[in-house]
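The values are calculated or read from the model by the stated rules, or taken from the named source; none is laboratory data. What you are looking at is a predicted structure, and each value in this text was computed from that prediction instead of being measured. Cβ coordinates were reconstructed from backbone atoms using ideal geometry, including for glycine residues, and neighbour counts include every protein chain displayed. Surface accessibility is based on the protein's heavy atoms, side chains included, excluding ligands, DNA and RNA. Shrake-Rupley method; radii C 1.70, N 1.55, O 1.52, S 1.80 Å.
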Amino acid sequence: MLALAIHGGAGTIARAALTPAAETQYRAALQAALATGYAVLAGGGPALDAVEAAVRSLEDCPLFNAGRGAVFTHEGHHEMDAALACGRTGRAGAVAGVRQVQNPIRAARLVMDATEHVLLAYPGADELAREYGLPVQPPAYFFTQQRYDQLQEAIAAGRMQLDHAAAPAADPNWKKGTVGAVACDARGHLAAATSTGGMTNKRYARIGDTPLIGAGTWADARCAISCTGHGEYFIRAVAAHDVACLMEYRGLSLAEATRVVVHDKLAPAGGEGGLIAVDALGNLALPFNSEGMYRATLTEQSEALVAIY
């Protein structure tokens, strides 16, 4: 059964701080990405192409912390991570810390398709993208005033600012998170993709769970997973792969395996966030232990659903 789920980040998303106009913008962006990815599936395309297309749409939207909407590091530039995983072949590709690639998810796909590697970091990942003709952009392309203002606030407070941390009520658009997609195509093949701009005011080339296969992104013949939340906790828990392990070794359903990881394992340890998941029958699961998660789903048997809380 054709199935697609996407997310735009999970965390503290205060209802009072999200204006009706801002909510409309978020819902429209999620709907557009959902339609873009599902069109690939409906046309007989593979799950891998569908998740890449959906994530590219979200990367091009400045509302989310990925691609054009990436947050600023302490030094005032952008360091973006992305990953793709193909359940049919078991292959994966990822990039970390890229600075100029317009769509980091395309660079991750390039690593998978054109090299023998899985993960490339800056500056090599940017160099590979340029060699293969992927679009690159100057720093001005990634600049948004709100992101710059967030950096100044974080510097003044002397802290790194996670996307899912609480924000001043005066900024209704603070929550703009990691993006991702999972899909099941007409052949029952699965794929996952995730992309992020990291955390505001981060230093020392910090890398989260997104580009780490098995931590923030995973796909095999059984399930496909894309995570969003406090990356360090997802790394320690190897969260995405743990879902697959619970299904394989304990025989849990997708719904039960994702519940165990998000609510029984991550939450008690302090790991705020969520994930989206799909299995080979097209079943979807979108659990989160935070106040909200930007998400959208569409299957052959259900209409499009867009939700935040």
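Mind running the shape call on the range 212-268? Use the C-alpha gyration tensor, a ≥ b ≥ c as the square roots of the eigenvalues: rounded below 1.5 for a/c, prolate if a/b tops b/c, oblate otherwise. Note, shape of the range 212-268 comes out oblate. The mean accessible area for residues of the chain, using a 1.4 Å probe and ignoring ligands and nucleic acids, is 38 Å² per residue. When both bridge partners sit in the range 205-309, DSSP labels roughly 95% of those beta bridges antiparallel. Annotation: peptides 63-74, 244-255, 293-304, ranked by per-residue average of other Cβ atoms within 10 Å with the highest first, follow the order 63-74, 293-304, 244-255.
Relative protection proxy for 22-29, 282-289, from highest mean packing down: 282-289, 22-29 (other beta-carbon atoms within 10 angstrom). Quick one: go through the range 184-215 and flag any residue whose amide nitrogen is under 15 Å from the point 7 Å out along the Cα-to-Cβ line of GLN146. Of the residues in the range 184-215, 197, 200 have backbone N under 15 Å from the label point off GLN146.
Can you tell me what the convex hull of the Cα atoms of the chain projects to on average, as an area in nm²? Could you put the intermediate results ahead of the total?
Details: hull surface 57.1 nm².
With the hull built on Cα positions only, its mean projection is 14.3 nm².
How much of the DSSP beta bridge set in the range 1-129 is antiparallel, as a percent to the nearest 5?
Values: 5 of 8 bridges.
Around 60 percent antiparallel, to the nearest 5.
Extending 7 Å from the Cα toward the beta-carbon at both GLN31 and ILE155 defines two label points whose distance is 3.9 nm. When only alpha carbons are used to place a centre, the range 1-73 and the range 254-299 end up 17 Å from one another.
With all protein chains in place and a 1.4 Å probe, the accessible surface of the range 1-153 carries 53 percent carbon and sulfur. The stretch between MET1 and THR19, if pulled fully straight at 0.36 nm per residue, gains 2.9 nm over its current Cα-Cα span.
Based on Cα contacts under 8 Å between residues 6+ apart, the range 181-309 shows a relative contact order of 22 percent. Taking amide H as placed 1.01 Å from N in the peptide plane, PHE64 has its amide H under 5 Å from the amide H of GLY69, each at least 5 places away in sequence or on another chain.
Give me D for the range 27-168 in µm² s⁻¹, whole number, from Stokes-Einstein with Rh from the Kirkwood sum over alpha-carbon pairs, 37 °C and 0.692 mPa s. D = 205 µm²/s. Structural descriptor for the range 76-135: relative contact order 32 percent, calculated from alpha carbon pairs under 8 angstrom and at least 6 residues apart.
First compute the accessible area of the range 225-309 with a 1.4 Å probe, then give the percent of it belonging to carbon and sulfur atoms.
Numbers: 1740 of 3470 Å².
Here carbon and sulfur together make up 50 percent of the probe-accessible area.
Modelled spin-label separation between TYR204 and CYS245, with each label point placed 7 Å from Cα along the Cα-to-Cβ direction: 2.6 nm. Between the range 185-215 and the range 127-143, the alpha-carbon centres lie 19 Å apart. For the chain, the membrane-span-like helix rule (DSSP H, alpha carbon extent of at least 30 Å along the helix axis, mean Kyte-Doolittle at least 0.0) picks out 20-42; this says nothing about an actual membrane. Counted over the chain, the DSSP beta bridges are approximately 90% antiparallel.
Of the three principal axes defined by the Cα atoms of the range 187-244, the extents in descending order read 43, 20, 14 Å.
Remind me, relative contact order of the chain in percent, using alpha carbon pairs under 8 angstrom and six or more residues apart? Write down the numbers at each step before the final one.
On the way: 853 pairs, mean separation 80.7, N = 309.
Once divided by the residue count of the chain, the mean separation gives 26 percent.
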